[in-house]
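The values are calculated or read from the model by the stated rules, or taken from the named source; none is laboratory data. Everything quoted here is computed from the prediction, not taken from an experiment. All Cβ positions, glycine included, derive from the backbone under ideal geometry; neighbour counts span all protein chains shown.
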Amino acid sequence: MPSIDVVFYQAQPGDSPVLDWLKEINATNPKAYDKCRAAIARLALLGHELRRPEADYLRDDIYELRIRSGSVNYRLLYFFHGRTVSVVAHGLTKEAAVPAAAINHAIARKAAFTANPSAHTFKGEINDV
C-alpha cells in the first residue's frame, strides 16, 4: 500500500489544536514528542494498515495513535478522508480509556473537515513544532 498524506486539522486558518498540543509536549517532554512524531510517520507509511499496539479503532470512524513514554500514555486521534489522507484531529494524555468528550471533539472536527477540507487543513509550517 502506498503511503498516505497526513494532514493536521485546523479550526481557523493557522490554528491547529494538535500542533499546539505537540508544541506543549515538546516543551515538557522532548522524548515523548519524538515518539509522537515517529508515530505520525508510521501512520503516513502504513495508513489503513496500522494496527495495535500502535493504533486502534475507537468509534464512529475515529482512530487513535498510541504512544507511551515512561508511565504516560499519549494519544493522537485521527480519521481518514478517502483512501489517501489521514487527518490528525486531537491530542491528549490519558490514564484510562480515551474520554468520550475527546472522541466527540474528533467527531465534530471530522464533520467540519468533511464539509470543507480546504478550510480545515493546516497549511502552515509543521517543522517548527
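Note down all Cβ pairs under 8 Å where the first residue falls in segment 1-30 and is among the charged types (D, E, K, R), the second is surrounded by 13 or more Cβ atoms within 10 Å (Cβ to Cβ) and assigned to a strand (DSSP E or B), and they're at least six residues apart or on different chains.
Taking only residues 6 or more apart or on different chains, the pairs are Asp5/Val85; Asp5/Ser86.
Go through segment 55-74 residue by residue and tally those that are touching a strand residue (DSSP E or B) at 6+ places or on another chain (Cβ under 6 Å), over 20 Å from Ser16 (Cα atoms) and without any contact (Cβ under 8 Å) to a residue 24 or more places away in the chain.
Going through segment 55-74 one residue at a time, the tally reaches 4.
Of all the residues that make up segment 87-113, how many are among the aliphatic types (A, V, I, L, M) and either at positive phi or surrounded by 23 or more Cβ atoms within 10 Å (Cβ to Cβ) (or both)?
The total comes to 4.
Considering only residues of segment 77-86 that are surrounded by 16 or more Cβ atoms within 10 Å (Cβ to Cβ) and modelled with pLDDT under 90, which is nearest to Tyr63 (Cα to Cα)?
It comes out as Ser86.
Which one is surrounded by the most Cβ atoms within 10 Å (Cβ to Cβ) among residues in segment 1-47 that are under 18 Å from Phe79 (Cβ atoms) and of a type in the set (D, E, K, R)?
If we take residues in segment 1-47 being under 18 Å from Phe79 (Cβ atoms) and of a type in the set (D, E, K, R), then Arg42 is surrounded by the most Cβ atoms within 10 Å (Cβ to Cβ).
What single numbered condition from (1) within 25 Å of Ala11 (Cβ to Cβ); (2) in contact (Cβ under 8 Å) with a residue 40 or more places away in the chain fails to hold for His48?
(1)
Pull out all pairs, ordered by first then second residue, where Cβ-Cβ is under 7 Å, the residues are six or more apart or on different chains, the first lies in segment 75-89 and is within 15 Å of Leu46 (Cβ to Cβ), and the second is of a type in the set (Phe, Trp, Tyr) and assigned to a strand (DSSP E or B).
From segment 75-89, the pairs are Tyr78/Tyr63; Ser86/Tyr78; Ser86/Phe80; Val88/Phe8; Val88/Tyr9; Val88/Tyr78.
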